[in-house]
Amino acid sequence: NADESSPSGQAVSQEVKKAPTEDAAQSLRSLRDRLKRFEQDLQRKQTHRDRQEQELIGIEKEIADLNDKQLDTERELDEVLRSRETLQQRYEGQTNALGEQKQIIRQWTRSGYALGRQSLLKMLMTQAQADKLVRTVTYYGYLAEAQNKRITGLTESLAGLTKLDTALQRTSSELSKL
């Protein structure tokens, strides 16, 4: 150990002792730097994940809102379709009733034309019994009144058909919007 007792030997010995300590310190600094980078990277990834979770929550809310709107639209569509079907049935019913009323008016018109060839004055002159004439005139009065009621009903049916047609057109336009 004469080398260690010499001044140059002591310097070498100290350097040999320093070297592992310096290497360990350098290694420790390097590990701390790596650990710090890992922690920073982990923090960035967590922040990114948190943002993505918030974005996902927002998208899920939008999907839920759109599903609600779709259900509302489907309910509204069903309601409009039912309403349209009801209106269509009423329209067909009134169209049929109108056809029947037209047929009755045609029959009355033919009957009136056939009876109209005789004027009231001619009937008065040919009637021998006054009470029979009064009954006939009263009958024709009732018949005319019934015809007027039918014609009024026909006019009302036409107005109702016009309203139903307008309602059908409106529901058709609502359907096209949906």
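The values are calculated or read from the model by the stated rules, or taken from the named source; none is laboratory data. Being a predicted model, the structure only gives us computed values, none of them experimental. Every residue, glycine among them, receives a Cβ derived from its backbone with ideal geometry; neighbour counts consider all protein chains shown. For the accessible areas, the whole protein counts, side chains as well, though only heavy atoms, and no ligand, DNA or RNA atoms are used. Shrake-Rupley method; radii C 1.70, N 1.55, O 1.52, S 1.80 Å.
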Legend entry - Per-residue HN-Hα couplings for the stretch 143-149 [Karplus 6.51, -1.76, 1.60; θ = phi - 60°; Hz; x = Gly/Pro]: 4, 5, 5, 5, 5, 4, 5
Legend entry - ARG44/GLU22 FRET efficiency (R0 30 Å; Cβ-Cβ; nearest 0.05): 0.35
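If you take every residue apart from ARG90 with its C-beta less than 12 Å away from the C-beta of ARG90, what net charge results, scoring Lys and Arg +1 and Asp and Glu -1?
-1
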Legend entry - Solvent accessible area, Å² - ASP72, 1.4 Å probe, full protein context: 80 Å²
Inset, instruction - Report the local net charge at ILE59: Lys and Arg +1, Asp and Glu -1, summed over other residues whose C-beta lies under 12 Å from its C-beta. - result: -4
Inset, instruction - Mind grabbing the accessible area of LYS149 for me, 1.4 Å probe, Å², rounded to tens? - result: 140 Å²
Inset, instruction - Please work out the FRET efficiency for the pair SER111 and SER172, using the Cβ-Cβ distance as r and a Förster radius of 41 Å; give the result to the nearest 0.05. - result: 0.50
Legend entry - Largest to smallest accessible area among VAL134, VAL80 [probe 1.4 Å]: VAL134, VAL80
Inset, instruction - Run the quick spin-label model on GLN54 and TYR142: label points 7 Å from Cα toward the beta carbon, then report their separation in nm to one decimal. - result: 8.9 nm
Legend entry - Environment charge at GLU39 (Cβ cut-off 12 Å; Lys +1, Arg +1, Asp -1, Glu -1): +4
